[in-house]
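Some notes on the structure that comes next.
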Amino acid sequence: MYIGVISDTHDDARAVRAAGEAFRRAGVAAVVHAGDWTSPFSMLKLRRALGEGVPIYTVFGNNDGDRYTAAKRAADAGVEVLGEAGIIVLGGRKIGVYHGTALLLVEAMAKSGMFDVVIYGHTHRVDIRRVNGTLVVNPGEACGCAEEKKTAALLNLNTLEVELLDL
């Protein structure tokens, strides 16, 4: 079972579309967005590129200021908003999702033993590692605005292996 992992899209419509299409081609069972859509309309763009029937989960990032409209657009796009942080269970794996504005909390989540996987964003840097048996995944930035490399990831929940995607 594969899931798509993306973060920090920052309104880059081309990157959102490219990620959605790549996830659709890979046959993902779900998509997890670790925040900083910036505009809630980006959720609709991801839904269109991904297609119907694939769950999308998200947390708020520090640049997702208009949370009222974001929640409304999320409902329109079939995106489940988990709030500041959340827990989802997919493929028998417990996944913690947080934008990552406090790296101390990312590390605490990873070390807690509560999760099989911790997904975060915010730093705009790819981070794929294990902490006490927990897989930590930051797919980097989809927007390419800080590191100038547009990336997302495919996570195999059976093997806990991650494939980085260039958008």
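For the range 1-106, which GluC sites (Glu not before Pro) pass both filters: DSSP loop (anything but H, G, I, E, B) and at most 16 other C-beta atoms within 10 Å?
E52, E84
May I have the extent of the alpha carbons of the range 1-62 along their three principal axes, as whole Å values ordered from largest to smallest?
Largest first, the range 1-62 extends 30, 20, 15 Å along its Cα principal axes.
For the pair K94 and R24, how long in nm is the line joining their label points, each one 7 Å along Cα→Cβ?
Each label point is offset 7 Å from its Cα along the Cβ direction, giving 3.5 nm.
Give me a comma-separated list of calculated 3J(HN,Hα) values for the range 134-148, in order, Karplus coefficients 6.51, -1.76, 1.60 applied at θ = phi - 60°, integers in Hz, x for any Gly or Pro.
Karplus-based 3J(HN,Hα) across the range 134-148 equals 8, 7, 10, 10, 10, x, x, 10, 6, 6, x, 7, 10, 8, 6 Hz.
So what is the accessible area of the range 1-124 per residue, in Å², with the probe set to 1.4 Å?
42
Could you give the nm distance between label points at E52 and N156, where each point is 7 Å from its Cα heading toward the beta carbon?
Placing both labels 7 Å beyond Cα along the Cβ direction yields 3.2 nm.
What is the dipole size for the range 70-123, taken about its Cα centre, with +1 at each Lys and Arg Cβ and -1 at each Asp and Glu Cβ, in debye to the nearest 20?
Using only the charged Cβ atoms, the result is roughly 40 debye.
Need one number: % antiparallel among DSSP beta bridges in the range 12-167, to the nearest 5.
Percentage antiparallel, nearest 5: 60.
When the scattering of the chain is computed by the Debye formula from its Cα atoms alone, each counted once and equally, what is log10 I(q)/I(0) at q = 0.13, 0.16, 0.17 Å⁻¹?
For the chain, the Cα-only Debye profile gives -0.51, -0.80, -0.92.
Express the carbon and sulfur contribution to the solvent-accessible surface of the range 70-167 as a percent, rounded to the nearest whole number, probe 1.4 angstrom.
The nonpolar share, carbon plus sulfur, comes to 50 percent.
Contact order normalised by length for the range 16-167, with contacts defined as Cα pairs under 8 Å and 6 or more residues apart; what percent is it?
Rounded, it is 16 percent for the range 16-167.
Kindly provide the helix-only [θ] at 222 nm of the chain, computed as the sum of -39,500 (n - 2.57) over DSSP H runs of four or more divided by all residues, to the nearest 500 deg cm²/dmol?
Per the formula, -8000 deg cm²/dmol.
Cut-off under 21 Å on the C-alpha distance; same-chain residues fewer than 8 positions from K111 excluded. Which lysines are left, in chain and number order?
K94
Calculate, in nm to one decimal, what V126 and D76 gain on full extension: separation in residues at 0.36 nm each, minus their alpha carbon distance.
Gain on extension, V126 to D76, equals 15.0 nm.
Calculate, in nm to one decimal, what L103 and E84 gain on full extension: separation in residues at 0.36 nm each, minus their alpha carbon distance.
This chain segment gains 5.5 nm when fully extended.
The values are calculated or read from the model by the stated rules, or taken from the named source; none is laboratory data. These numbers were taken from a predicted model, which means no experiment stands behind them. We place every Cβ from the backbone using ideal geometry, glycine too, and count neighbours over all the protein chains shown. We work out accessible area using only protein heavy atoms, side chains counted, and drop any ligands, DNA or RNA first. Shrake-Rupley method; radii C 1.70, N 1.55, O 1.52, S 1.80 Å.
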